[in-house]
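J.: If you scroll down you'll find the structure; I have some questions about it.
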Amino acid sequence: MAIDAATVRKVARLARIATPEERLEPLAQELNGIMAWIEQLAEVDTDGCEPLTSVVAAGLPLREDVVTMGGDPARVTSNAPKSVNNFFVVPKVVE
């Protein structure tokens, strides 16, 4: 799939990216290079390879899942700008 200057112009217009006319052909060549590289990657034999979600094998620290009676609501709302009966008071956002 060859990308020409007209395609770059069209994509730039759709993406609302201002691209000077003299940059269209170099961008088309650069995109063709990227597409060639992607086609080269498709030739790699990946049979038997497990898909990765991350290149770093690290797990998240987990805490024990314990049911509690909750915190101290008076302490939680103590820094609130406004609270009533241990509930946060916020301005109405939907009329």
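The values are calculated or read from the model by the stated rules, or taken from the named source; none is laboratory data. Computed from a predicted model, the values in this text were never measured in an experiment. Positions of Cβ are backbone-derived with ideal geometry, glycine not excepted, and every protein chain shown enters the neighbour counts. Heavy atoms of the whole protein, side chains included, go into the accessibility calculation; ligands, DNA and RNA do not. Shrake-Rupley method; radii C 1.70, N 1.55, O 1.52, S 1.80 Å.
J.: Which of the trypsin sites (Lys or Arg not before Pro) across the range 27-95 are loop residues per DSSP, with 15 or fewer other Cβ within 10 Å?
T.: Arg63, Lys82, Lys92
J.: Still on this structure: If you average the sequence gap of Cα pairs under 8 Å that are 6 or more apart and divide by the length of the range 4-95, what percent do you get for the contact order?
T.: Relative contact order here is 15 percent.
J.: Sorted by accessible area with a 1.4 angstrom probe, largest first, how do Leu60, Leu31 fall?
T.: Result of the area sort, largest leading: Leu60, Leu31.
J.: Okay, next question. From largest accessible area down, sort Met1, Met69, Met35; use a 1.4 Å probe on the protein chains.
T.: On the way: Met1 160, Met69 190, Met35 55 Å².
Ranking Met1, Met69, Met35 by accessible area, largest first, yields Met69, Met1, Met35.
J.: Against the longest principal axis of the chain, how steep is helix 5-14, in degrees 0 to 90 to the nearest 10, with axes from Cα atoms?
T.: Relative to the chain, helix 5-14 is tipped by roughly 20 degrees.
J.: Now for a different question. Can you give the accessible area of Ser78 in Å² (nearest 10), computed on protein heavy atoms with a 1.4 Å probe?
T.: For Ser78, solvent-accessible area is about 80 Å².
J.: Not counting ligands, DNA or RNA, and with a 1.4 Å probe, what is Val89's accessible surface area in Å² rounded to the nearest 10?
T.: 60 Å²
J.: Can you tell me the 0 to 90 degree angle between the C-alpha axis of helix 21-42 and the longest principal axis of the chain, rounded to 10?
T.: Between the helix axis and the principal axis of the chain, the angle is about 80 degrees.
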